[in-house]
Each structure stands twice: as C-alpha cells, then as structure tokens.
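Engineer: One structure coming up, written as structure tokens, with questions to follow.
The values are calculated or read from the model by the stated rules, or taken from the named source; none is laboratory data. All values reported here derive from a predicted model rather than from experimental measurement. Because the Cβ atoms are built from the backbone with ideal geometry, glycine has one as well, and the counts that use them run over all protein chains shown.
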Amino acid sequence: MSRPILHASDFSSASRPAFAKAIALAKANRAELVITHVLTPELPLVEDGYMSAALYRERQAAARRYGQTHLDQLVRRAKHAGVRARALLLEGAPADRVVRAARSRHANMIVIGTHGRTGLARLMVGSVANGIVSHARCPVLTVRGK
Amino acid sequence: MPDGSRDRPPRIILATDFSSEAEAAEAEAVRLSRALNAELILVHVAVESPPYGDTAEGGRQLERVYADEARWAESQLAERARRLASQGVPTGWRRRVGVPHEQIVKAAQDEHAAYIVIGSHGRGRAGRFLLGSVAERVARTAACPVVIVRPGDTAASRRPTPRAAPRHRAQGVRR
C-alpha cells in the first residue's frame, strides 16, 4: 500500500495552496491524506496570576473544538475531491509534532505552506516550516502562500 | 493548478550539483514525475566569477577551467538524462551560470515548472538545524511548490524505525 501524505495546516490563507497541492499529490499517488493541525498549549496565566484549573480546561477544550472543526472541514473537502483523508489533531511544539507524526505514520511526504515574503507572519510560519524541513526524515513540499 | 490542467505534460525541475544530496533528490523527482506523468528537467548551475583584476594569462587560464567544467557538467547532465529517459522518465537538461538559487528559480519560471525538487545536506543530529542555504532560498523565493529532500529520505532507503518515538507530556489528542 502506498504511504500517506501528511499535510499540516495552520488554517491560514498561507496553508490554502499547500492544501490544494496535497490533494493533487494524494490523488496522483493514490495515497491517503492525513491532515494535521498542532495546537500550542497556552500558558495558564491571566493578568497577574494563574488561571483556575477549570478555566484552563475550558479554554483547552475550546481550542480542541476549534482545531477539530477546522480539520473536519478540510477532511470533508478532501473527500469531496475524491481523496481518502483523515484528521489528526496534535498538541505541542508545531514543527516537532508534525515531524513525529510523519515519522510514526511513515509518511511519504509532508506538504506545508510558507508565507510570502512580508512581515512578521513570514518569520513565524517560516520558522515552523524551517523546523519541519530541517528535522523531517521524509521529503517536504513547501508551497508559497497567497 | 499547473499539474495536468494543460495539454503539455507538467515539468519538474530537478536541481543538481552532482552531490549525494542531489542523488537522493533524483529518486524523489523520478517518483514524482511518474506519479504526475511529468517531464523532468535537470538543472545545473555553475558559479563563475568574472576574471577581473587578473593578468591576461590568468584570465585565459580561468576561462579554460570554466570551459572544462562546462564540458564535464554537460556530459554528466546528458548521461543522467539518458539514463532517466531509458527508465521511462522523459528527461531534458539545462546548464546555467550564475547565483545558484536565483538560476534555479529562473529556470523554473522559464520552463513553467509545476515543481522544483532539490536536495539539502543533512549534517548529523546537531546540524539538522542547518538547512542547505540554496534549498532554503529556493523554497523561499520560488513561485512554484518546492520539494526538499535530504539524504536518506527516499522511499527506497526509508524503512520503519523500530524505536518508538518517546512519549511526551504534551501528547497529542489523537482521533
């Protein structure tokens, strides 16, 4: 069986062209598409103190719902395009989690978007992309965002 | 999207400097070409500094060195292209002169390439932070998608790692 293609999305417009490419490649390779998003745990701080455990749990749950909803949406679009797809919601340091997920699933390729060449956003997403490219054990396809 | 939407087969640029990194990238480029029914174009970029501030004889010597390099590179490119074509992947080649990442991106533009495939050196564990600067610059400036391949990446050399990834506190929510 062919190995899956892993697409990591931050749900921004920078990830959109990468998502399209991931679908095209999954189709061409008849590969399953694993669509992943990494939630970065927030610090449990509010104003000048720690937030209550209950509030922290609530916020975490909200973040997970947000991530899962958006992932499910992408999965639906991939399936609509005729690609076998599934969602994978992860938590932690984005580049690290994506690389590990690709490794444990023996992904054939990681497909990620990079921002264009403007401003802070490029630096941030660019650094995640860089982290993925320099640590991944499989080929990484980078697609410039719009 | 460029792949497959036009009559002409899509083109894939494989940037090569004939290193082992480039060999790993070649395997991936072949796989991609087959999957997309694409044409492969090998691109090699020679860096030539102008022979300024030199004696006339020195300048002529440098020109001879560059001419030798060009002949060698062209024979290498032609040989690889023939070998790949014999494996069923239609392959052409171009030799360009200039700044490598700029020329690779320009070649992709000129050929209306759907993808660029490029190798990047892996430098052991600590060095994994250092991405090849040419590959990084290509990924940053190319308009088309870029596949970055590091040695040991190819399907043929990949095998399942027996060691499970260490579990972290921040274990993901898996569904």
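Engineer: Looking only at the range A:37-71, how many residues end up being at pLDDT 90 or above and either touching a Gly at 6+ places or on another chain (Cβ under 9 Å) or part of a loop (DSSP other than H, G, I, E, B) (or both)?
Structural biologist: Looking only at that region, the number is 3.
Engineer: Right, something else. List the residue pairs whose Cβ atoms are under 8 Å apart, where the first residue sits in the range A:41-54 and is surrounded by 11 or more Cβ atoms within 10 Å (Cβ to Cβ), the second is hydrophobic (A, V, I, L, M, F, W, C) and modelled with pLDDT under 85, and the two are 6 or more positions apart or on different chains.
Structural biologist: Correct list of pairs: A:41/B:170; A:44/A:51; A:51/A:45.
Engineer: Looking at the range A:63-93 only, could you name the residues that are within 13 Å of another protein chain (Cβ to nearest Cβ), of a type outside the set (Lys, Arg) and more than 15 Å from residue A:5 (Cβ to Cβ)?
Structural biologist: Of everything in the range A:63-93, those that are within 13 Å of another protein chain (Cβ to nearest Cβ), of a type outside the set (Lys, Arg) and more than 15 Å from residue A:5 (Cβ to Cβ) turn out to be A:63, A:66, A:67, A:68, A:69, A:71, A:72, A:89, A:90, A:91, A:92, A:93.
Engineer: Checking the condition among the aliphatic types (A, V, I, L, M), outside any helix (DSSP H, G or I) and over 25 Å from residue B:117 (Cβ atoms), which residue from A:90, A:74 passes?
Structural biologist: Result of the check over A:90, A:74: A:90.
Engineer: Could you please find all residues in the range A:1-15 being surrounded by fewer than 22 Cβ atoms within 10 Å (Cβ to Cβ) and within 12 Å of chain B (Cβ to nearest Cβ)?
Structural biologist: A:2, A:3
Engineer: Then there's this: Just for the range A:20-54: of the residues that are farther than 20 Å from residue A:145 by Cα and hydroxyl-bearing (Ser, Thr, Tyr), which one is nearest to the other protein chains (Cβ to nearest Cβ)?
Structural biologist: A:40
Engineer: Something else now. Could you tell me which numbered condition residue B:57 fails, if it satisfies all but one of (1) without any contact (Cβ under 8 Å) to a residue 24 or more places away in the chain; (2) surrounded by 12 or more Cβ atoms within 10 Å (Cβ to Cβ)?
Structural biologist: Result: residue B:57 fails condition (2) only.
Engineer: Can you find, within the range A:99-146, the residue that is surrounded by the most Cβ atoms within 10 Å (Cβ to Cβ) among those that are among the hydroxyl-bearing types (Ser, Thr, Tyr) and at pLDDT 80 or above?
Structural biologist: Only one residue tops the list, namely A:142.
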